[in-house]
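Trainee: Pasting in a structure now, in structure tokens, and then I'll have a few things to ask.
The values are calculated or read from the model by the stated rules, or taken from the named source; none is laboratory data. The model shown is predicted, which means the values in this text are computed figures rather than measured ones. Reconstructed Cβ throughout: ideal geometry from the backbone, glycine too, with neighbour counts over all protein chains shown. All accessible areas refer to the heavy atoms of the entire protein, side chains included, with ligands and DNA or RNA removed. Shrake-Rupley method; radii C 1.70, N 1.55, O 1.52, S 1.80 Å.
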Amino acid sequence: MRLDVIFRVTAKIIIPFALVFALYVQFHGDFGPGGGFQAGVVAAAMVIFYAIIFGLEAAQKVFPPRLVELMVPAGIAIFAGVGVISMLLGENYLNYSPFAANPALGQEYGIILVEIGVLVTVSGTMVAIFYSFVGRGR
Amino acid sequence: MALLTLLATITIGIIRLRNLFAVVVLGGIYSFLMASVMIVLDAVDVAMTEASVGAGISTVLMLATLYLTKTQETVPAHTPLLPLFVAVATGLVLVFGTFALPPFGAADTPVNLNVAPYYLENSIRDTLVPNVVTSVLASYRGFDTLGEVAVVFTAGIAVLMLLKGKRNMKPGPKRRRVR
Amino acid sequence: MDLLQTIVAHYNHWIIIFLMVSGLYIVVARGNMIKKLVGLGLFQTSVYLLYLSPGKILGGTPPILSPQFSVYSNPLPHVLILTAIVVGVATLALGLALVVRINEAFGTIEEDEIFAGEEDE
């Protein structure tokens, strides 16, 4: 097991940058290609990569299964909650215009909030699915 | 065009191989090729998703399933002639239908004339977001996306329900006979 | 010359149809459940291409607005397919989970063997 030193070193070099890349994809999605779906999948892929190289226990120490399973409904709650807030502010469901004085700026804030919800649900779901598949094998 | 031909070649490989491990790896290659085709088709967001989802996550999940089951496919008992006939007949009918479709890359087709120009013209004014895909995804069609996220959520919950419970180790009668 | 133009104009459609039909063939003809899921994936990706290829405009750029460009490809199919891919992998995971459970219950993932086991009862 100790012979895979190349994998371990490479993984330790790659993973932080890839996670930062996921955040870049997330928050730069307004201006370049990217968004919540892609960022969620990239982040989940990095967690899976970590679990493959260092073992499931090590990965579950960093990203506990309880947290991951909590992320699955939390993201959709953020998404739907943004809609409810926009209703409380006197607009239609999921119309983000009242979030700022300028309706277009409000739309942009709303898009960022909604994309965070998408990120949380997608990455949580992918990692939870992976954990349950791998946990089944032992 | 060359990429599309490569896609078709890999598909033939996927059909012919019986080693499931090789099939899954070919599926990963297929996904990367598909992502390249999507870049050629100007769908950069989609290509990014396909490269990370199709080649990354789904390949890993397939390999995990192979680890839990078995990696060799048996030869089916019945001949594949009837499915082959059905597939070829369906394909010929569909190819006949393509001659009525507009040629590739035309700008004046109904697909490109109805709602898309509105999004392209008004995205900056309405949302200040230059990436039209993002603004349509999260703002113009936000409710649609909420539904998609709900589908992902539901599928995730269903997988957790199926696989999370304790494994039922009582060997049922069926299980013993098949082994 | 005319023939060549027809081929160039419809080559993408024919490849899409080939992928779709081979997915259909795998799903119908093969008894192995993982192979069936791969076939479903082929079918699904052919539909992605079917949606994306009419949205491409020759000479267009990706739909990220910038003053330097004036022709953009259609963004709407991109949005639809983007969500469809993520939903597709979630449903694929669901199918694989079902395969794992079937393997635990029957000891096989071949359709024929499962049917044979049922008939023995």
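Trainee: Take the residues in region A:113-138 that are within 16 Å of C:Arg101 (Cβ to Cβ) and not hydroxyl-bearing (Ser, Thr, Tyr); name whichever of them is farthest from the chain's Cα centre (by Cα). If you could, list the steps in order and put the result at the bottom.
Mentor: Quick first cut of region A:113-138, residues within 16 Å of C:Arg101 (Cβ to Cβ) only: A:129, A:132-137.
Narrowing further to those that are not hydroxyl-bearing (Ser, Thr, Tyr): A:129, A:133-137.
Values: A:Ile129: 14, A:Phe133: 20, A:Val134: 20, A:Gly135: 21, A:Arg136: 24, A:Gly137: 26 Å.
My answer is A:Gly137.
Rundown of residues vs (1) touching a residue at least 24 places away in the same chain (Cβ under 8 Å); (2) farther than 30 Å from A:Ala44 by Cβ; (3) not acidic (Asp, Glu), yes/no style:
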residue: B:Ser31; (1), (2), (3): yes, no, yes
residue: B:Asp42; (1), (2), (3): no, no, no
residue: B:Leu92; (1), (2), (3): no, yes, yes
residue: B:Gly97; (1), (2), (3): no, yes, yes
residue: B:Leu101; (1), (2), (3): no, yes, yes
residue: B:Tyr119; (1), (2), (3): no, no, yes
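Trainee: Considering only region B:93-117, how many residues are assigned to a loop (DSSP other than H, G, I, E, B), within 21 Å of C:Leu80 (Cβ to Cβ) and within 7 Å of chain C (Cβ to nearest Cβ)?
Mentor: Number of matching residues: 6.
Trainee: Looking at B:Val24, is it within 30 Å of A:Leu119 (Cβ to Cβ), at the interface with another protein chain (Cβ under 7 Å from one of its Cβ atoms) and open to solvent by less than 70 Å² (accessible area, probe 1.4 Å)? Spell out the reasoning first.
Mentor: Working: within 30 Å of A:Leu119 (Cβ to Cβ): yes; at the interface with another protein chain (Cβ under 7 Å from one of its Cβ atoms): no; open to solvent by less than 70 Å² (accessible area, probe 1.4 Å): yes.
Against the criterion (within 30 Å of A:Leu119 (Cβ to Cβ), at the interface with another protein chain (Cβ under 7 Å from one of its Cβ atoms) and open to solvent by less than 70 Å² (accessible area, probe 1.4 Å)), B:Val24 does not qualify.
Trainee: Given (1) over 30 Å from C:Ser66 (Cα atoms); (2) facing another protein chain (nearest Cβ under 7 Å); (3) of a type outside the set (A, V, I, L, M); (4) part of a loop (DSSP other than H, G, I, E, B), identify the lone condition not met by B:Thr90.
Mentor: (4) is the only condition that B:Thr90 fails.
Trainee: Keeping to region C:105-121, report how many residues are surrounded by 15 or more Cβ atoms within 10 Å (Cβ to Cβ) and more than 7 Å from chain B (Cβ to nearest Cβ).
Mentor: Of the residues in that region, 2 qualify.
Trainee: Looking only at helices (runs of 4 or more DSSP H) that fall completely inside region A:26-94, which ones have 3 or more residues that are buried (at least 17 other Cβ atoms within 10 Å of the Cβ), small (Gly, Ala, Ser) and within 11 Å of another protein chain (Cβ to nearest Cβ)?
Mentor: Values: elements: A:36-54, A:56-62, A:65-88.
In region A:26-94, A:36-54, A:65-88 are the helices (runs of 4 or more DSSP H) which contain 3 or more residues that are buried (at least 17 other Cβ atoms within 10 Å of the Cβ), small (Gly, Ala, Ser) and within 11 Å of another protein chain (Cβ to nearest Cβ).
Trainee: Would you mind telling me which numbered condition in (1) on the phi > 0 side of the Ramachandran plot; (2) at pLDDT 85 or above A:Leu67 fails?
Mentor: Every condition holds for A:Leu67 apart from (1).
Trainee: Can I ask one more? Please find, among C:Ser70, C:Ser46, the residue that is out of contact with any strand residue (DSSP E or B) (no Cβ under 6 Å at 6 or more places or on another chain) and at pLDDT below 85. Even if it seems obvious, please write down each step before you answer.
Mentor: Values: C:Ser46 fails: at pLDDT below 85.
Only one candidate passes the filter, namely C:Ser70.
Trainee: Are there any pairs, at least 6 apart or on different chains, whose C-beta atoms fall under 7 Å, with the first in region C:87-109 and in contact (Cβ under 8 Å) with a residue 24 or more places away in the chain and the second hydroxyl-bearing (Ser, Thr, Tyr) and surrounded by 19 or more Cβ atoms within 10 Å (Cβ to Cβ), and if so, which?
Mentor: Matching pairs, first to second residue: C:Leu92/B:Ser58; C:Leu96/B:Thr65; C:Val99/B:Thr65; C:Val99/B:Thr69; C:Ile109/B:Thr69.
Trainee: Based on what the data block shows, is B:Met62 open to solvent by 40 Å² or more (accessible area, probe 1.4 Å) and at pLDDT 85 or above? Break it down stepwise before answering.
Mentor: Values: open to solvent by 40 Å² or more (accessible area, probe 1.4 Å): no; at pLDDT 85 or above: yes.
Answer is no for this residue.
Trainee: Any idea which of (1) more than 7 Å from chain B (Cβ to nearest Cβ); (2) of a type in the set (A, V, I, L, M); (3) buried (at least 20 other Cβ atoms within 10 Å of the Cβ); (4) under 21 Å from B:Thr154 (Cβ atoms) is the one C:Met20 doesn't satisfy?
Mentor: With respect to (1) more than 7 Å from chain B (Cβ to nearest Cβ); (2) of a type in the set (A, V, I, L, M); (3) buried (at least 20 other Cβ atoms within 10 Å of the Cβ); (4) under 21 Å from B:Thr154 (Cβ atoms), C:Met20 is out only on (4).
Trainee: Considering only residues that are open to solvent by less than 10 Å² (accessible area, probe 1.4 Å) and more than 7 Å from every other protein chain (Cβ to nearest Cβ), which ones fall in region B:38-53?
Mentor: Within region B:38-53, just B:Ala47 meets the criteria.
Trainee: Determine whether C:Gly39 is touching a Leu at 6+ places or on another chain (Cβ under 7 Å), open to solvent by less than 30 Å² (accessible area, probe 1.4 Å) and within 30 Å of B:Leu66 (Cα to Cα). Walk me through it before giving the result.
Mentor: Working: touching a Leu at 6+ places or on another chain (Cβ under 7 Å): no; open to solvent by less than 30 Å² (accessible area, probe 1.4 Å): yes; within 30 Å of B:Leu66 (Cα to Cα): yes.
In short, no.
Trainee: Is there a residue in region A:2-21 that is surrounded by 21 or more Cβ atoms within 10 Å (Cβ to Cβ) and in a helix (DSSP H, G or I)? Full working, then the answer.
Mentor: Within region A:2-21, the subset surrounded by 21 or more Cβ atoms within 10 Å (Cβ to Cβ) is none.
The answer is no, given that none of the residues of region A:2-21 is surrounded by 21 or more Cβ atoms within 10 Å (Cβ to Cβ) and in a helix (DSSP H, G or I).
Trainee: Given (1) over 17 Å from the mean Cα position of the chain (by Cα); (2) open to solvent by less than 50 Å² (accessible area, probe 1.4 Å); (3) more than 7 Å from chain B (Cβ to nearest Cβ), where does C:Ile57 come up short, assuming only one miss?
Mentor: The single condition C:Ile57 does not satisfy is (3).
Trainee: Restricting region A:95-108 to residues that are open to solvent by 30 Å² or more (accessible area, probe 1.4 Å) and of a type in the set (A, V, I, L, M), which is modelled with the lowest pLDDT?
Mentor: Of everything passing the filter in region A:95-108, A:Ala101 is modelled with the lowest pLDDT.
Trainee: Still on this structure: Sort out which residues of region B:67-87 are part of a loop (DSSP other than H, G, I, E, B) and open to solvent by 100 Å² or more (accessible area, probe 1.4 Å), and write them in order of number.
Mentor: Narrowing region B:67-87 to residues part of a loop (DSSP other than H, G, I, E, B): B:69-71, B:73-80.
Within region B:67-87, B:Val75, B:His78 meet the criteria.
Trainee: Under the condition of being among the polar types (S, T, N, Q) and in a helix (DSSP H, G or I), which residue from region C:46-99 is nearest to B:Asp144 (Cα to Cα)? Spell out the reasoning first.
Mentor: From region C:46-99, those among the polar types (S, T, N, Q) are C:46, C:53, C:61, C:66, C:68, C:70, C:73-74, C:83, C:91; that's our starting set.
Retained after the next criterion (residues that are in a helix (DSSP H, G or I)): C:46, C:53, C:83, C:91.
Working: C:Ser46: 22, C:Ser53: 22, C:Thr83: 9, C:Thr91: 18 Å.
Out of the qualifying residues, it is C:Thr83.
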